[in-house]
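First comes the structure, then the notes that go with it.
All of the numbers you see were taken from the coordinates with simple rules; none came from a lab. Source: prediction; values computed, not measured. Positions of Cβ are generated from backbone atoms using ideal geometry, with glycine treated the same way; all protein chains shown enter the neighbour counts.
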């Protein structure tokens, strides 16, 4: 199979190592370029590349069974919801078990990626070296470039306290004895508010909009292990889950939180087993959205104001590709249109792994995407004809707009089980197309020699 295209994988996080295994399994030559000195990406606490959002007491909010790669189960000695140290240990075990480490170039950044007119990818590394490849697999993650409030709140420039993004949060020692405002209703906001509530003088949870909060356990099982058959219409599943959550926890307004302006499943819900308990015990005070900051005070949209020493913005992240020229490829307002979140319709030989946001873990989805890309690079999967591919992308974008609340948070949202089900069907269809076309390789294999 010496004629197979040569690929470059950017990143050795959870998506990059899944891509590496898929290519190695299929005999596809590749290099994986990792800026840090170790694998694991976002799950490496204190990662030297400065891109990890992990904090000291971070635990996953999906169960170990649903987070694990299909061919490498997590140890049963791990708790249902492991600590980040377990996840890092798991990724190291995965890499070593499948012999991936020799294929990873550590402590090396990708400074620039350019596609030449002859179709070859020119990859400039931080070492000063330039390498040539037939295919580029982007697995650089999307939880590393903080998105601050847009526009900034009035008075934020002169606020006397500390303002920080959740990405910079390490542990709750910074909150001890302080008045703390946490802005947001996502998983990070809930987790950080809970941690603050044990040491701060006062913790205020400021909500920009309402959210549905899911407990980690339902009927004695991790919530993500409840049946969710993608063959059942979503509207039926939506009603069932919505009623279950309301029965178990009650409506959010019962706890002083804003009423969601959407049905369950129309926005990314928040998974937390502790937030409602801490609110119920008075250690976290719900507040509406921030209106302005003034000196050492924060005013909220209901006219109330409080003293604040710290404000933590849990306002999400930007989708960024710093190695691409902005006029070549960017994701303004986190918007990017790809075929099933992987293939770019206008740039052959470019693939994205893990660029999606499921209710659940990315890892099994990245694993399935990687196998799909590997099949394509071997010529064993063929894309739909260009008009059909574009219609599929347009249909997906329309369904996204219809289903989800308009937000920069929901531009890459997918349903875990539904996505895997549809992806498997598309892989089968693409295999049939490949057979009909005679298993043609998608890109020429003429970029195997690195150049200085």
Just need the relative contact order of the range 360-447 here, percent rounded to a whole number, with Cα pairs under 8 Å and 6+ apart.
-> 53 percent
Note on the chain: contact order normalised by length, alpha-carbon pairs under 8 Å, 6 or more apart, percent, works out to 21 percent
Alpha-carbon centroid distance for the pair the range 64-111 / the range 263-282, whole angstrom | 29 Å
Give the label of the value calculated from the structure for Rg/Rh (Cα atoms, Kirkwood Rh), choosing from (1) 1.05; (2) 1.01; (3) 0.98.
-> (3)
Potential extension, residue 337-residue 171 segment - 0.36 nm per residue separation minus Cα distance = 56.1 nm
What is the Cα centroid distance between the range 219-245 and the range 312-340, reported in whole angstrom?
-> 31 Å
Please determine, in degrees from 0 to 90 and to the nearest 10, the orientation of helix 187-197 with respect to the longest principal axis defined by the Cα atoms of the chain, where the helix direction is its Cα long axis.
-> 40 degrees
Kindly state, to the nearest 0.05, the FRET efficiency for residue 327 paired with residue 148, given R0 = 30 Å and r defined as their beta-carbon distance.
-> 0.75
Note to self, the chain gives a 222 nm [θ] from helices alone (DSSP H runs n ≥ 4, -39500 (n - 2.57) apiece, / all residues, nearest 500) of -8500 deg cm²/dmol
hull vol. (C-alpha, convex hull) per residue for the range 340-452, Å³ -> 131 Å³
If a/c stays under 1.5 just call it rounded; otherwise compare a/b with b/c (prolate if a/b is bigger, oblate if not). Do that for the range 135-222, with a ≥ b ≥ c from the square roots of the Cα gyration tensor eigenvalues.
-> oblate
Gain in span if fully extended, residue 294 to residue 440, counting 0.36 nm per residue against the direct Cα distance | 46.2 nm
Which of rounded, prolate, oblate describes the range 50-96, given a ≥ b ≥ c as roots of the alpha-carbon gyration tensor eigenvalues and a/c under 1.5 marking rounded, otherwise prolate only if a/b is larger than b/c?
-> oblate
In the range 148-313, what is the volume of the convex hull around the alpha carbon atoms, normalised per residue and reported in Å³?
-> 125 Å³
On full extension of the chain, what length is gained from residue 406 through residue 238, given 0.36 nm per residue of separation minus the C-alpha to C-alpha distance?
-> 58.6 nm
As a percent rounded to 5, the proportion of antiparallel DSSP bridges among beta bridges in the chain is 45 percent
What percent do you get for the relative contact order of the range 121-227 when only Cα pairs under 8 Å and 6+ apart count?
-> 17 percent
Using label points projected 7 Å from each Cα along Cα→Cβ, tell me how many nm separate residue 112 and residue 390, to one decimal.
-> 3.1 nm
Taking the simple approach of a point 7 Å from Cα along Cα-to-Cβ for both residue 76 and residue 263, what is their distance in nm?
-> 4.0 nm
Sorted peptide list for 436-442, 412-418, criterion being average Cβ within 10 angstrom, highest first | 412-418, 436-442
With the label point 7 Å along the Cα-to-beta-carbon line of residue 429 and a cut-off under 17 Å to each amide N, the hits in the range 215-233 are 231
The alpha-carbon center of the range 344-391 and that of the range 181-217 are separated, in whole Å, by 35 Å
Identify the residues of the range 253-294 with backbone N under 19 Å of a label point that sits 7 angstrom from the Cα of residue 225 along the Cα-to-Cβ direction, or state none.
-> 271-274
Residues in the range 58-88 reached by a label modelled at residue 248 [backbone nitrogen below 13 Å; 7 Å Cα→Cβ] | 62-63
